[in-house]
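Written out below as structure tokens is the structure these notes cover.
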Amino acid sequence: MKQEYQDLILQTCGASSLRVGAKIQTLWSGYGEIVRLHLEGCGRPSVVVKHVKFPEEAEHPGGWNTNLSHARKVRSYQVETHWYQNYSTNQSCRIPACLAARSYGDEMLIVLEDLDVEGYDQRRTSLKDKEIRACLSWLAHFHALFLGVTPEGLWPVGTYWHLETRPDELEAMDDAELKAAAGDIDRILNECHFKTIVHGDAKLANFCFSKSGLEVAAVDFQYVGGGCGMKDVVYFLGSCMDERECDKRVPGLLDHYFSELKAFVNKDVNFNALEKEWREMFAFAWTDFHRFLLGWMPGHWKINQYSKQLTREVLRKLKQ
């Protein structure tokens, strides 16, 4: 790590020295890495640093290496930096505190609170029911907190699969009927009366759990922006349940989400209208992500009978 970067971290944290620890992960398509730094001489034992370095040649696992793809990623890191510097949440939807953020030409540095130290040191590859509900509670509280908030400095429309940013994937689709309907589905979602700020990449891997599994925090805000809260909900549920589980469990989990949402939205909000609209948008949001997958990676495991059934329902509604 460059001395300039080390000096920023030492000064920010009031530390006397630092040691580079384990690499937590490589960023998507080789755009840098996330590392843990151990500190001495201050009250903070460690920090997590997201070090973005735009590569000369990106390596995308799906082969989507285009100028548009690169521009989208660059913008995503600018959005994430703006998010951490200008937005905050509360204990009900915990995120890491941003200690410093700086751009150095084709490199960016985001210095974050280490959530492991704060008790969110568990990661999951599969979830128990209580843990799914904890994540849905996080999303409900997040959506309630930002209901009606204009996403200034963020993506106008959040989520990494938003149609306007994915013309190449749309062009690659074989499903002619869904391809033709993609614009209408996107428009219906964007014209929701009740809008919030969505996380935009609320998959299981972006949640950190307490030991009990009852408390969670979320990371990775590259695609945070405006939209219908159902986009986060469908993406999360699809990331941790297979088609049979979805068919069986989604109704009860949606009830839990809306119960939590109702408890936290302002009392002057017409919650019955909000719930009615967002429940109607559930299938549209799921179909919207299904549309992306069909173009991006048509062999993906999430392209299943549950997704196809919801898509058929949406296409029928559009014909009525």
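The values are calculated or read from the model by the stated rules, or taken from the named source; none is laboratory data. Quick caveat, the model's predicted, so the values are computed rather than measured. Note: ideal-geometry Cβ built from the backbone for every residue, glycine included; neighbour counts use all protein chains shown. The accessibility values were calculated without ligands, DNA or RNA, using every heavy atom of the protein model including side chains. Shrake-Rupley method; radii C 1.70, N 1.55, O 1.52, S 1.80 Å.
What number of residues within the range 1-43 satisfy the criterion of being touching a helix residue (DSSP H, G or I) at 6+ places or on another chain (Cβ under 8 Å), closer than 30 Å to Arg72 by Cα and small (Gly, Ala, Ser)?
Going through the range 1-43, the residues touching a helix residue (DSSP H, G or I) at 6+ places or on another chain (Cβ under 8 Å) turn out to be 15-18, 28-29, 31, 37, 39, 42.
Now restrict to residues that are closer than 30 Å to Arg72 by Cα: 28-29, 31, 37.
After this cut, where a residue has to be small (Gly, Ala, Ser) as well, the list is 29.
Residues in the range 1-43 being touching a helix residue (DSSP H, G or I) at 6+ places or on another chain (Cβ under 8 Å), closer than 30 Å to Arg72 by Cα and small (Gly, Ala, Ser): 1 in total.
Tell me yes or no: at least one residue of the range 64-77 is crowded, with 21+ Cβ neighbours inside 10 Å, in contact with a helix residue (DSSP H, G or I) (Cβ under 6 Å, 6 or more places away or on another chain) and part of a helix (DSSP H, G or I). Looking for residues that are crowded, with 21+ Cβ neighbours inside 10 Å, in contact with a helix residue (DSSP H, G or I) (Cβ under 6 Å, 6 or more places away or on another chain) and part of a helix (DSSP H, G or I), one finds none in the range 64-77, hence no.
Among the listed residues Val265, Val224, Val250, Val234, which satisfies the condition of being more than 20 Å from the chain's Cα centre (by Cα), β-branched (Val, Ile, Thr) and open to solvent by less than 40 Å² (accessible area, probe 1.4 Å)? It would help to see each step written out before you state the result.
Working: Val224 fails: more than 20 Å from the chain's Cα centre (by Cα); Val250 fails: more than 20 Å from the chain's Cα centre (by Cα); Val234 fails: more than 20 Å from the chain's Cα centre (by Cα).
Going through Val265, Val224, Val250, Val234 in turn, the sole match is Val265.
Answer yes or no: is there a residue in the range 283-305 that is among the acidic types (Asp, Glu) and open to solvent by 30 Å² or more (accessible area, probe 1.4 Å). There is no residue in the range 283-305 that is among the acidic types (Asp, Glu) and open to solvent by 30 Å² or more (accessible area, probe 1.4 Å).
Of the numbered criteria (1) of a type outside the set (Asp, Glu); (2) buried (at least 18 other Cβ atoms within 10 Å of the Cβ); (3) touching an Asp or Glu at 6+ places or on another chain (Cβ under 9 Å), the one Trp155 fails is (3). Restricting Ile95, Ile132 to those that are over 24 Å from Asp186 (Cβ atoms), among the β-branched types (Val, Ile, Thr) and either surrounded by fewer than 21 Cβ atoms within 10 Å (Cβ to Cβ) or in contact with a strand residue (DSSP E or B) (Cβ under 8 Å, 6 or more places away or on another chain) (or both) reduces the list to Ile95. When Ser239, Ser210, Ser259 are checked against the criterion of being touching a Gly at 6+ places or on another chain (Cβ under 7 Å) and surrounded by fewer than 20 Cβ atoms within 10 Å (Cβ to Cβ), a single residue qualifies: Ser210. Among the conditions (1) surrounded by 20 or more Cβ atoms within 10 Å (Cβ to Cβ); (2) farther than 20 Å from Ala202 by Cα, the only one that Glu177 does not satisfy is (1).
Quick test for you: out of Leu163, Leu109, Leu189, Leu145, pick the one residue that is touching a helix residue (DSSP H, G or I) at 6+ places or on another chain (Cβ under 6 Å), buried (at least 18 other Cβ atoms within 10 Å of the Cβ), under 23 Å from Leu261 (Cα atoms) and of a type outside the set (Ser, Thr, Tyr). Talk me through it step by step, then tell me what you get.
Values: Leu163 fails: under 23 Å from Leu261 (Cα atoms); Leu109 fails: under 23 Å from Leu261 (Cα atoms); Leu145 fails: touching a helix residue (DSSP H, G or I) at 6+ places or on another chain (Cβ under 6 Å).
One residue alone meets the criteria, Leu189.
Of the set (1) within 17 Å of the chain's Cα centre (by Cα); (2) touching a residue at least 40 places away in the same chain (Cβ under 8 Å), all apply to Ile34 but (2).
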